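Here is the structure we will look at.
The values are calculated or read from the model by the stated rules, or taken from the named source; none is laboratory data. Note that the coordinates shown come from a computational prediction; the quantities given were computed from them, not determined experimentally. Here the Cβ positions follow ideal geometry from the backbone for every residue, glycine too, while neighbour counts run over all protein chains shown.
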Amino acid sequence: MSKDPATIQDRETLATADEIKHIFRNLDDAKLLAILALRPTILDLEQASMWLSGDKDVFGAGQPLRGVAGDIVAILTADEEEEQTRSR
């Protein structure tokens, strides 16, 4: 099975605010702006989305997600981490 070069190229283009909102629904403006500042590609958004949906094994069991996709996950889960720290 070969990969279509056009599809790969499309996934490596910079994501727009609308694409970010489409993939990560219910984003507040601060998180949207923080993600936009990272200049993510569509591929970065897809990887972060897979990670957040529980498909961590795709990237290597027990391995953290790195790069821009990892930064996106950190932005989107920052509130959860703060709540866990406060409840301890």
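Annotations for the structure displayed:
- Applying the condition of being at pLDDT below 95 and not charged (D, E, K, R) to the range 25-35 and asking which residue is surrounded by the most Cβ atoms within 10 Å (Cβ to Cβ) yields L27.
- Residue tally, condition buried (at least 18 other Cβ atoms within 10 Å of the Cβ) and within 12 Å of L76 (Cα to Cα), over the range 36-49: 2
- T16 vs. criteria of a type in the set (S, T, Y), at pLDDT 95 or above and surrounded by 17 or more Cβ atoms within 10 Å (Cβ to Cβ): no
- Unmet requirement for P64, which otherwise passes all of (1) modelled with pLDDT of 90 or more; (2) in contact with a Gly (Cβ under 8 Å, 6 or more places away or on another chain); (3) not aromatic (F, W, Y): (1)
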